[in-house]
Amino acid sequence: MSAASALKITPLNSIHRALGAKMVDFGGWDMPVQYTGIIDEHHAVRRAVGLFDVSHMGEIEIHGLEAAQLTDFVTTNAVHNLKTGQARYSGLLYPHGGFVDDILVHKVAEDHYFLCVNASNQEKDFEHIRSLNRFDARVDFAGPRYAQLAVQGPKARDTVQKLTPVALAAIRYYWFTDGEVCGVPARIAHTGYTGEDGFEIYTAPAHAARIWNEVLQAGAEFGIKPCGLGARNTLRLEAGMALYGHEIDASTSPLEAGLEWIVKLDKGEFMGREALLRQKENGVKRKLAGFEMRGRGIGRDGYEVLVNGSPAGWVTSGSPSPTLNRNIGFCYLPADQAQPGKAIQIMIRNQPVDAVTVETPFYKRAK
């Protein structure tokens with residue numbers, strides 16, 4: 001068996017290949033990194049609309065009388081005040097306060113929660129939640145039951161509205177509804193990972209190809225483009241969104257990663273709470289900071305960061321920004337050095353290159 005044949009595939013794999021996508025191994029999945037080009041696809045999302053296959057993402061469902069209690073115990077953000085049809089960004093933590101994963105929690109009903117988790121973490125997340133289940137609740141590994149498409153950009157709503165009777169304008173940001181798209185059952189969430197307006201559509205894998213093709217037809221008048229993981233990464237970086245394995249992982253806490261806002265320490269007991277309370281009391285030693293290159297070069301993932309000529313941290317993500325036409329990134333620095341306006345240097349090909357810390361997000365769409 002070849003390495004490529006051992007990779008998992010989404011229901012749209014043959015379509016990506018027919019479109020001439022450049023395919024890569026992404027966390028064990030055969031995924032499109034680009035079609036016409038990362039910059040081209042990036043601009044399509046910022047200016048009009050792009051379509052992503054994100055069916056590699058995982059889904060975990062929690063059902064039962066105490067589904068809310070279990071979901072609340074395993075996540076950092078509040079669950080008790082979620083309304084039916086509302087979604088919320090949250091974290092799964094280890095006891096020491098590091099990330100198992102970052103996730104989206106959707107409240108489908110009082111006794112039903114739907115979690116969207118990162119592709120490479122889904123089995124780990126499922127086992128983590130199941131191991132903590134001391135409640136009257138059932139945890140289901142639901143990934144194989146769903147395909148997921150993301151339609152993102154200023155023309156995303158106009159595109160999807162052609163394909164559904166659901167009034168999309170009535171779905172608030174980070175809310176969702178169950179209805180139909182292209183005449184088949186679908187969950188339509190007003191969420192995304194690009195910093196633009198848009199929707200994420202969950203449906204049965206058998207319907208994915210039909211929806212993909214009809215979305216491309218519906219968006220043709222706006223110049224829609226199929227988009228790969230490359231543009232997804234540059235878009236999320238500009239929007240200041242964390243990527244698991246880069247800004248966050250088992251060794252980093254929400255307090256270090258600038259994600260205090262997804263932690264509700266006053267909600268009662270949850271996994272990792274005691275560690276975060278101690279960390280808050282003692283103060284974190286390092287913090288995530290955004291930076292912009294001043295000298296020539298791109299600060300890539302893993303490059304060393306210097307402060308006052310001495311090693312002080314590392315780059316977690318770095319890339320040219322197609323929207324801003326600057327080289328940007330995230331890095332970890334000592335907490336007292338992580339404020340905007342700090343002169344730093346990044347080691348590029350064994351040479352220190354000037355950069356400066358800046359406010360994030362780097363890009364914010366006009367409402």
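The values are calculated or read from the model by the stated rules, or taken from the named source; none is laboratory data. What you see is a predicted model; the values in this text were computed from it and never measured. Backbone-built Cβ (ideal geometry, glycine too); neighbour counts: all protein chains shown.
For L333, state whether it is out of contact with any helix residue (DSSP H, G or I) (no Cβ under 7 Å at 6 or more places or on another chain), buried (at least 19 other Cβ atoms within 10 Å of the Cβ) and not in a loop (DSSP other than H, G, I, E, B).
Working: out of contact with any helix residue (DSSP H, G or I) (no Cβ under 7 Å at 6 or more places or on another chain): yes; buried (at least 19 other Cβ atoms within 10 Å of the Cβ): yes; not in a loop (DSSP other than H, G, I, E, B): yes.
So L333 fits the description; yes.
Give the number of residues within the range 143-163 that are surrounded by 17 or more Cβ atoms within 10 Å (Cβ to Cβ), closer than 23 Å to E61 by Cβ and out of contact with any Leu (no Cβ under 7 Å at 6 or more places or on another chain).
Qualifying residue count for the region: 5.
Are any of the residues in the range 300-310 within 21 Å of Y193 (Cα to Cα) and of a type in the set (D, E)? Write out each step before concluding.
Kept after step one, since they are within 21 Å of Y193 (Cα to Cα), are these residues of the range 300-310: 300-301.
Still in the list and also of a type in the set (D, E): 301.
Taking every residue of the range 300-310 in turn, at least one turns out to be within 21 Å of Y193 (Cα to Cα) and of a type in the set (D, E).
Looking at D178, D158, D136, can you tell me which residue is touching a helix residue (DSSP H, G or I) at 6+ places or on another chain (Cβ under 8 Å) and of a type in the set (D, E)? Explain how you work it out, then say what you get.
Numbers: D178 fails: touching a helix residue (DSSP H, G or I) at 6+ places or on another chain (Cβ under 8 Å); D136 fails: touching a helix residue (DSSP H, G or I) at 6+ places or on another chain (Cβ under 8 Å).
Residue meeting the stated conditions: D158.
Select from the range 98-137 the residues that are charged (D, E, K, R) and surrounded by fewer than 17 Cβ atoms within 10 Å (Cβ to Cβ) and write down the one among them that is nearest to F176 (Cα to Cα). Steps first, answer last, please.
In the first step, residues of the range 98-137 are kept if they are charged (D, E, K, R); the result is 101-102, 107, 110-111, 123-125, 127, 130, 134, 136.
Next, from what is left, pick out any that are surrounded by fewer than 17 Cβ atoms within 10 Å (Cβ to Cβ): 110-111, 123-124, 127, 130, 134, 136.
Numbers: E110: 15, D111: 17, E123: 25, K124: 26, E127: 26, R130: 26, R134: 29, D136: 26 Å.
Of everything passing the filter in the range 98-137, E110 is nearest to F176 (Cα to Cα).
If E200 meets every condition in (1) crowded, with 23+ Cβ neighbours inside 10 Å; (2) at positive phi apart from one, which number is that one?
With respect to (1) crowded, with 23+ Cβ neighbours inside 10 Å; (2) at positive phi, E200 is out only on (2).
Please find, within the range 306-326, the residue that is surrounded by the fewest Cβ atoms within 10 Å (Cβ to Cβ) out of those that are under 25 Å from the mean Cα position of the chain (by Cα) and farther than 19 Å from K364 by Cα. So that I can check it myself, show each step before the final result.
We begin by selecting, within the range 306-326, every residue under 25 Å from the mean Cα position of the chain (by Cα); these are 313-326.
So of that shortlist, the ones also farther than 19 Å from K364 by Cα come out as 313-316.
Details: G313: 22, W314: 16, V315: 23, T316: 25.
My answer is W314.
Just wondering, is there one or more residues in the range 108-118 that are within 30 Å of H42 (Cβ to Cβ), more than 18 Å from the chain's Cα centre (by Cα) and not in a strand (DSSP E or B)?
From the range 108-118, those within 30 Å of H42 (Cβ to Cβ) are 114-118; that's our starting set.
From what's left, more than 18 Å from the chain's Cα centre (by Cα): none.
The answer is no; no qualifying residue exists.
Here is a yes/no grid of residues against (1) at pLDDT 95 or above; (2) crowded, with 24+ Cβ neighbours inside 10 Å; (3) of a type outside the set (A, V, I, L, M, F, W, C):
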| position | (1), (2), (3) |
| --- | --- |
| F52 | yes, yes, no |
| E61 | yes, no, yes |
| L65 | yes, no, no |
| A68 | yes, no, no |
| T75 | yes, yes, yes |
| A78 | yes, no, no |
| G85 | yes, no, yes |
| Y89 | yes, no, yes |
| H96 | yes, no, yes |
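Within the range 119-158, count every residue that is acidic (D, E) and assigned to a loop (DSSP other than H, G, I, E, B). I'd like the intermediate steps shown before the answer.
Initially, the range 119-158 is screened for residues acidic (D, E), giving 123, 125, 127, 136, 140, 158.
Among the residues that remain, those that are also assigned to a loop (DSSP other than H, G, I, E, B) are: 136.
Selection size over the range 119-158: 1.
Taking the options R294, R286, R326, name whichever one is under 20 Å from D249 (Cβ atoms) and among the basic types (K, R).
Values: R294 fails: under 20 Å from D249 (Cβ atoms); R326 fails: under 20 Å from D249 (Cβ atoms).
Selected residue: R286, the only one of R294, R286, R326 that is under 20 Å from D249 (Cβ atoms) and among the basic types (K, R).
Let's see how each residue does on (1) part of a strand (DSSP E or B); (2) outside the structural domain of H43 (by TED's automatic domain parsing); (3) hydrophobic (A, V, I, L, M, F, W, C):
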| residue | (1), (2), (3) |
| --- | --- |
| F176 | yes, no, yes |
| E180 | yes, no, no |
| P185 | yes, no, no |
| G192 | no, no, no |
| E200 | yes, no, no |
| R210 | no, no, no |
| E214 | no, no, no |
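Only residues that are in a strand (DSSP E or B) and touching a Cys at 6+ places or on another chain (Cβ under 9 Å): list them for the range 299-311, please. Reasoning before the result, please.
Start the filter on the range 299-311 by keeping residues that are in a strand (DSSP E or B), which leaves 304-307, 310-311.
Hit for the range 299-311 is V305, nothing else.
Note down all Cβ pairs under 8 Å where the first residue falls in the range 93-112 and is aromatic (F, W, Y), the second is part of a strand (DSSP E or B), and they're at least six residues apart or on different chains.
Y94/V100; F99/G91; F99/L92; F99/L93; F99/Y244; F99/I248
Being in the same structural domain as Y193 (by TED's automatic domain parsing) and either within 17 Å of the chain's Cα centre (by Cα) or modelled with pLDDT of 95 or more (or both): is that true of P254 here? Show your work before the answer.
On the way: in the same structural domain as Y193 (by TED's automatic domain parsing): no; either within 17 Å of the chain's Cα centre (by Cα) or modelled with pLDDT of 95 or more (or both): yes.
Here the answer is no, as P254 does not meet what is asked.
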